[in-house]
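Have a look at the structure below before the remarks.
The values are calculated or read from the model by the stated rules, or taken from the named source; none is laboratory data. Since the model is a prediction, treat every value here as computed from it, not as a measurement. In this analysis, Cβ positions are derived from the backbone assuming ideal geometry, glycine residues included, and neighbour counts consider all displayed protein chains. Accessible surface is based on the protein model in full, side chains and every heavy atom, while ligands, DNA and RNA are left aside. Shrake-Rupley method; radii C 1.70, N 1.55, O 1.52, S 1.80 Å.
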Amino acid sequence: MQNADEWMIPTLDNHPFIEKPIMLFWVTRVSYLVFGANEGGARFPGALFGVLSCVAVYLIGCSLWTARTGFWSALILSTSLLFAGGHRLLLTDPFLVLFSLLSLLFYIYSRSAGRLKIVHMLISYFFIGLGVLSKGPIALFPAGIYIVTEWILRKNARERAGSIFTHLTLSILPVMVAAPWFVYSFEVQTDATTKFFLMDNLHRFLAASEGHTGPMFYHVLVLFAGFFPWSFFFIAWLAADWRNRSTQMFTQDFPSVILSVWTAVLFIFFSVSSHKLPHYMMPVIPAMALLTGNFFTNLDAKSTLSPVFARLTFVMSAALTAAAGSVYIFRPQYASIGLMIPFALLTA
């Protein structure tokens, strides 16, 4: 595409490649113009969007709770294995993650914006549109999250109906943002664009392809490994949340509800989907980071949860350090000694 100065239709080996929408290719081409068509130029967009996602999570944490929670949440997100690793790669998921988080941020702003409420809501849905240009129809999921959240929090049937109508109406905006490119793509490459909607979206949900399948608990393992070294602390939050529910201390506050719904809906959707890949969980990690960050902020210094889960994290980190060293010793063709360094530092 760079050599042919092509901006509108993604190509691979001079053939149309519309498995992914255009946003990744636009941003990567701009990166190539700045850094050159090389590995650094290819990796830069993912890294940049990863840093911006951490900033967005910080702002969300500040808006929902406090600056301290925002700090913890951004720190946890930036050091989670799946997030840090995924944002080193040229994938569409970093784009989806950032635009979804920006949508969430402005949706949160809209709740206290007064007269500017509709402006913030329009900005929120505009970012959803950019997400659709990045990943396709799945990027509309924040609208569903907002509807479910407000359905839970609102007890009045009339208010619930009004909320659903508002969000469904606003969903026209992201469709309008993404439609021009999709219409152009359909006009120029009808077969490839049709395949994108029918095969790369609908069919992948109903039937696995290219060997990307797994059991229902596939993404449980992905999240446990991908959220490391914070996995045990997320489990600690789950335990504390369950305890609060059982002792009737639980209140349906907006931050906990929307982040829990965000985590649960995405996790269930991709667990039910036949096509499974680890990076499908990347949009879930920021919500888990925010919940865990708030847990850290409010953690009682006398709590027995903290040392137990810290020790479990230490044991797993030490095991990973030993595993990396073993691979280097017995199968040096698969790893360098440098693989031990991050896990050794974490263990220390």
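Values computed for the structure shown
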item: Value of D in µm² per second that Stokes-Einstein yields for the chain, Kirkwood Rh from Cα pairs, at 37 °C (0.692 mPa s); result: 150 µm²/s
item: Interchain or long-range residues, amide H under 5 Å from residue 11's placed H; result: 17
item: Residue-span extension gain [residue 13 to residue 118] - 0.36 nm each, minus C-alpha spacing; result: 33.3 nm
item: R0 of 45 Å, Cβ-Cβ distance residue 341-residue 244: FRET efficiency to nearest 0.05; result: 0.70
item: Cα gyration tensor, segment 71-167 - rounded (a/c under 1.5), prolate or oblate; result: prolate
item: By average C-beta atoms within 10 angstrom, highest first, the peptides 135-148, 159-172; result: 135-148, 159-172
item: With all protein chains modelled, accessible area of residue 43 [1.4 Å, Å²]; result: 90 Å²
item: Packing-based ranking, highest mean first, of 186-192, 287-293 given that Cβ atoms within 10 Å are counted; result: 287-293, 186-192
item: Computed helical MRE - 222 nm, the chain, DSSP H runs ≥ 4 contributing -39500 (n - 2.57), nearest 500; result: -22500 deg cm²/dmol
item: Net dipole in debye of the chain [+1 Lys, Arg Cβ; -1 Asp, Glu Cβ; about Cα centre; nearest 20]; result: 1060 debye
item: Three-way shape label, segment 137-286, alpha-carbon gyration tensor, a/c 1.5; result: oblate
item: Ranked packing of 307-315, 97-105, 150-158, most packed first, by mean Cβ within 10 Å; result: 97-105, 307-315, 150-158
item: Tail weight of P(r) past 17 Å, computed on alpha-carbon pairs of segment 158-202, percent; result: 53 percent
item: Simple spin-label estimate for residue 257 and residue 169 in nanometres, 7 Å along Cα-Cβ; result: 2.1 nm
item: Extension gain (nm, one decimal) between residue 179 and residue 272, 0.36 nm per residue minus Cα-Cα; result: 30.7 nm
item: For the chain: accessible area per residue (Å², 1.4 Å); result: 50 Å²
item: Spin-label pair residue 111/residue 199, simplified geometry with 7 Å Cα→Cβ offset, distance in nm; result: 4.3 nm
